[in-house]
Amino acid sequence: MQELRRERHSVSALTVHLVCVTKYRRRVLDDAALAWLQKHASEMFTGMGCGLVACDGEADHLHLLIEYPPKYSVSALVNAFKGTSSRKLRAARRDIAARYRDGVLWSPSYFAASTGGAPLEKVRAYVEAQRGASSPP
């Protein structure tokens, strides 16, 4: 069973699988860049109170598995990561920056999928069964 995040006003188990794709699907991420992105993601998400469960990719995209608190939206996580990683990686790696004339590393789009919990049909059945279970005796 997945660990629960217990905070003052909430208990949660939120994880998301994100995929960020390089702009124009250019194959600019070598092993050193992927290692740099993994380190950056770990530091950045830890600073936000999130957990980086896994991170890896290929030359034109990066997969991230993130555990996060309910105070953040998925889009806030994506925007924080893509903004900082693009700026800092291009500053650290001039060879990558030279591949883009507009100063952008990532495509504006991304893939996000919820990764936890039971199948939708089981959750639906549980929710629908609550009406009879919650009625007063």
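The values are calculated or read from the model by the stated rules, or taken from the named source; none is laboratory data. Bear in mind the structure is a predicted one, so any value in this text is a computation, not a measurement. Every residue, glycine among them, receives a Cβ derived from its backbone with ideal geometry; neighbour counts consider all protein chains shown. Ligands, DNA and RNA are excluded from the accessible area calculation, which covers all protein heavy atoms including side chains. Shrake-Rupley method; radii C 1.70, N 1.55, O 1.52, S 1.80 Å.
Scan the stretch 22-40 for residues that are open to solvent by less than 70 Å² (accessible area, probe 1.4 Å) and under 19 Å from the mean Cα position of the chain (by Cα) and report the count.
Residues of the stretch 22-40 open to solvent by less than 70 Å² (accessible area, probe 1.4 Å): 22-23, 28-30, 32-35, 37, 40.
From the residues that got through so far, the ones that are under 19 Å from the mean Cα position of the chain (by Cα) too are 22-23, 29, 33-35, 37, 40.
Count: 8.
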> Yes or no: G51 more than 15 Å from V16 (Cα to Cα) and out of contact with any Gly (no Cβ under 8 Å at 6 or more places or on another chain)?
Replying inline: no
> What pairs can you find where one residue is in the stretch 81-102 and surrounded by 13 or more Cβ atoms within 10 Å (Cβ to Cβ), the other is of a type in the set (G, A, S), and their Cβ atoms are less than 6 Å apart, with a gap of 6+ or different chains?
Replying inline: R90/A97
> All but one of (1) exposed (fewer than 12 other Cβ atoms within 10 Å of the Cβ); (2) at positive phi hold for S73; which doesn't?
Replying inline: (2)
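Within the stretch 1-18, take every residue that is out of contact with any Gly (no Cβ under 8 Å at 6 or more places or on another chain) and part of a loop (DSSP other than H, G, I, E, B) and give me the one that is modelled with the lowest pLDDT. Lay out the reasoning, then the answer.
Filtering the stretch 1-18 down to residues out of contact with any Gly (no Cβ under 8 Å at 6 or more places or on another chain) leaves 1, 3-12, 16-18.
Now restrict to residues that are part of a loop (DSSP other than H, G, I, E, B): 1, 3-4, 7-10.
Values: M1: 51, E3: 81, L4: 89, E7: 91, R8: 91, H9: 92, S10: 92.
Residue satisfying both the conditions and the ranking: M1.
If I ask for residues that are surrounded by 14 or more Cβ atoms within 10 Å (Cβ to Cβ) and within 11 Å of the chain's Cα centre (by Cα), which ones from the stretch 54-70 would you list? Write out each step before concluding.
Let us first name the residues in the stretch 54-70 that are surrounded by 14 or more Cβ atoms within 10 Å (Cβ to Cβ), namely 55, 57, 59-69.
C55, L62, H63, L64, L65, I66, E67, Y68 - these are the residues of the stretch 54-70 that are surrounded by 14 or more Cβ atoms within 10 Å (Cβ to Cβ) and within 11 Å of the chain's Cα centre (by Cα).
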> Within the bounds of the stretch 45-59, is there any residue that is in contact with a Cys (Cβ under 9 Å, 6 or more places away or on another chain) and modelled with pLDDT under 95?
Replying inline: yes
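Quick one: which residue in R93, R87 is touching a helix residue (DSSP H, G or I) at 6+ places or on another chain (Cβ under 9 Å), of a type outside the set (S, T, N, Q) and farther than 30 Å from S10 by Cβ?
Working: R87 fails: touching a helix residue (DSSP H, G or I) at 6+ places or on another chain (Cβ under 9 Å).
Only one candidate qualifies: R93.
Residue by residue through the stretch 23-57, note down the ones that are touching a Ser or Thr at 6+ places or on another chain (Cβ under 8 Å), under 12 Å from I96 (Cα atoms) and assigned to a helix (DSSP H, G or I). Walk me through how you get there before you give the answer.
As a first pass, look at the stretch 23-57 and keep what is touching a Ser or Thr at 6+ places or on another chain (Cβ under 8 Å): 23-25, 28-29, 37, 40-41, 44, 52-53, 55.
Narrowing further to those that are under 12 Å from I96 (Cα atoms): 23, 28-29.
Matches in the stretch 23-57: K23 only.
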>> Consider the stretch 103-118. How many of its residues are open to solvent by less than 50 Å² (accessible area, probe 1.4 Å), assigned to a strand (DSSP E or B) and closer than 22 Å to M48 by Cα?
In response: 3
